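The values are calculated or read from the model by the stated rules, or taken from the named source; none is laboratory data. Just so it is clear, the model here is predicted, and its values are computed rather than measured. As a convention, Cβ positions derive from the backbone with ideal geometry for all residues, glycine included, and neighbour counts pool all protein chains shown. These area figures cover heavy atoms from the full protein model, side chains too; ligands, DNA and RNA do not enter into them. Shrake-Rupley method; radii C 1.70, N 1.55, O 1.52, S 1.80 Å.
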Amino acid sequence: MNTATALIHSIPVDPLTGAVSVPIYQTSTFVQEAPGVNQGYDYSRTNNPTRATLERLAAGLEKGSTGIAFASGLAAIDAIAKLLQSGDEIVAVDDIYGGAYRLFTQVYEKFGIKVHFTDTSNPENVFNAITPKTKLIWLESPTNPTLKISDIAAIAQIAKASDCLLCVDNTFATPALQQPLTLGADIVVHSATKYLGGHSDLIAGIVVTKDPELGARIKYLQNACGAILGPFDSWLVIRGIETLHLRIKQHCSAALEIARFLQTHPAVNQVYYPGLPEHPNHEVAKKQSHGFGGIVSFSLKNDTEAAAVSLVSNTALFKLAESLGGIKSLISHPANMTHKSIPAEKRRAAGVSDSLIRLSIGLEDAADLISDLQQVLDKQVNNNKHSIQQVSTTTI
Ligand SMILES: *Cc1c(COP(=O)(O)O)cnc(C)c1O
């Protein structure tokens with residue numbers, strides 16, 4: 001059966017009433033027949049039927065055994081970090097999501113957990129960063145905002161040989177394009193805030209494990225620490241997932257068209273999109289995923305913050321905002337937004353140039369999005385000409 005068909009029919013019809021939409025069990029507690037005798041539910045932090053439906057759905061999507069839903073993507077990442085002990089080490093992708101960077105370095109380092117950051121797009125770097133204390137390897141593929149790709153299967157082999165867990169943050173690719181557990185990873189984590197939710201209307205996180213015992217350990221932490229996803233937000237994520245495959249198809253095809261358009265524009269310096277044959281990891285991306293996602297980044301010939309700020313402030317359809325993965329297209333300037341807290345030299349060394357702009361391609365018509373970008377990029381060319389003329393007249 002086609003995956004989209006299987007997905008739609010894996011969402012159960014309510015056995016009590018026949019409702020085709022999953023009921024929202026907005027309750028804290030459940031009546032017990034006798035102490036400890038219940039219908040599988042006693043308290044909604046521990047377990048809730050709406051959340052349980054989402055957790056089963058997410059596990060199925062990622063081809064794992066156990067799904068565990070959290071109040072945010074960071075709460076999900078936090079639960080995975082809590083598997084570690086003081087003295088353990090993490091090897092992580094160097095252009096990791098900023099919030100995960102903050103969590104690992106500002107919160108967990110003081111509990112004696114050390115993190116080594118490395119460019120995981122070369123698996124050899126991962127191998128070299130591992131020490132006998134390494135317990136967890138942390139990947140994102142594609143990364144944000146330069147869309148680097150790491151070879152998940154190759155790194156899974158290194159993880160296995162070194163007795164480490166491999167966790168992949170699959171937020172950017174989604175299980176519609178890439179299923180890290182089938183490539184050898186042990187854990188997948190999502191900010192469901194992005195493509196799984198898909199409508200920019202909630203904050204949520206999901207963990208899926210391959211091994212049920214590891215799943216039970218994280219489920220234990222979910223209940224013990226308490227950062228659960230509520231019933232209504234669980235329902236919204238289910239509703240989002242119902243259209244995931246359809247949305248991702250459109251995000252991908254529009255993103256490729258837009259990436260190709262950007263390559264042809266004289267104001268653009270470099271285009272970052274794993275679907276372009278020129279992308280340095282294009283072959284790995286092709287091997288491990290069914291598509292290249294809805295995020296496109298590019299830099300300007302006029303590589304200044306001022307040029308990028310002027311561009312991102314003047315689009316009509318692309319809205320200036322952080323986050324990604326929703327139906328409305330978003331534009332952002334990492335140097336001034338998500339990556340502002342990183343010193344300029346360090347940021348540039350990580351490949352995030354002053355003029356780098358990130359697009360989250362929404363569900364609008366691709367031709368409309370292209371003409372929106374065309375009008376702001378044409379202005380850049382005119383501005384450049386203007387400033388060159390000004391320079392030449394002053395020198396005369
Ligand atoms: C947004 C994001 C997160 C954090 O998720 P929240 O839901 O905002 O807590 C983690 N990883 C990636 C790749 C993200 O884009």
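Miscellaneous remarks
- Yes/no for H190 being touching a strand residue (DSSP E or B) at 6+ places or on another chain (Cβ under 9 Å) and in the same structural domain as A58 (by TED's automatic domain parsing): yes
- Contact map, the stretch 73-90: first residue farther than 15 Å from A224 by Cα and away from the ligand (no atom under 12 Å from the Cβ), second residue open to solvent by 10 Å² or more (accessible area, probe 1.4 Å) and part of a helix (DSSP H, G or I), Cβ cut-off under 6 Å, separation 6 or more or different chains; pairs are S86/F111.
Yes or no, residue by residue, for (1) touching a helix residue (DSSP H, G or I) at 6+ places or on another chain (Cβ under 8 Å); (2) within 16 Å of the ligand (Cβ to nearest atom); (3) hydroxyl-bearing (S, T, Y); (4) on the phi > 0 side of the Ramachandran plot:
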residue: S150; (1), (2), (3), (4): yes, yes, yes, no
residue: A154; (1), (2), (3), (4): yes, no, no, no
residue: D186; (1), (2), (3), (4): yes, no, no, no
residue: V207; (1), (2), (3), (4): yes, yes, no, no
residue: A224; (1), (2), (3), (4): no, no, no, no
residue: A227; (1), (2), (3), (4): yes, yes, no, no
residue: P231; (1), (2), (3), (4): yes, no, no, no
residue: A254; (1), (2), (3), (4): yes, no, no, no
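- A Cβ distance below 6 Å, combined with a sequence gap of six or more or placement on separate chains, defines the contacts here; from the stretch 146-169, residues that are of a type in the set (D, E) reach residues that are surrounded by fewer than 22 Cβ atoms within 10 Å (Cβ to Cβ) in the pairs D151/P123; D151/V284.
- Checking A100 against (1) under 30 Å from S332 (Cα atoms); (2) touching a strand residue (DSSP E or B) at 6+ places or on another chain (Cβ under 6 Å), the condition it does not meet: (2)
- When residues in the stretch 5-45 are screened for being under 33 Å from the mean Cα position of the chain (by Cα), hydrophobic (A, V, I, L, M, F, W, C) and in a loop (DSSP other than H, G, I, E, B), 6 of them pass.
- Qualifying residue in the stretch 48-59 (condition: more than 23 Å from L165 (Cβ to Cβ) and in a loop (DSSP other than H, G, I, E, B)): yes
- Count of the stretch 101-134 residues which are open to solvent by less than 20 Å² (accessible area, probe 1.4 Å) and within 15 Å of the ligand (Cβ to nearest atom): 2
- Residues located in the stretch 135-185, provided they are among the charged types (D, E, K, R) and crowded, with 22+ Cβ neighbours inside 10 Å: E140, K148, D151, D169
- Taken over the stretch 25-51, the residue count meeting the criterion of being touching a Phe, Trp or Tyr at 6+ places or on another chain (Cβ under 8 Å) and either open to solvent by less than 70 Å² (accessible area, probe 1.4 Å) or free of Cβ contacts under 8 Å to residues at least 24 places away in the same chain (or both) is 13.
- If you go through the stretch 217-230 and keep only what is in a helix (DSSP H, G or I) and surrounded by 21 or more Cβ atoms within 10 Å (Cβ to Cβ), you end up with I218, Q222.
- The set of residues from the stretch 196-216 being assigned to a helix (DSSP H, G or I) and surrounded by 18 or more Cβ atoms within 10 Å (Cβ to Cβ) comprises L214, G215.
- Condition check for F318: more than 24 Å from Y101 (Cα to Cα) and in contact with a Cys (Cβ under 7 Å, 6 or more places away or on another chain): no
- From the list T338, T304, the lone residue that is at pLDDT below 95 and polar (S, T, N, Q) is T338.
- Matching strands (runs of 3 or more DSSP E) fully within the stretch 232-347 where at least 2 residues are open to solvent by 40 Å² or more (accessible area, probe 1.4 Å): 268-272
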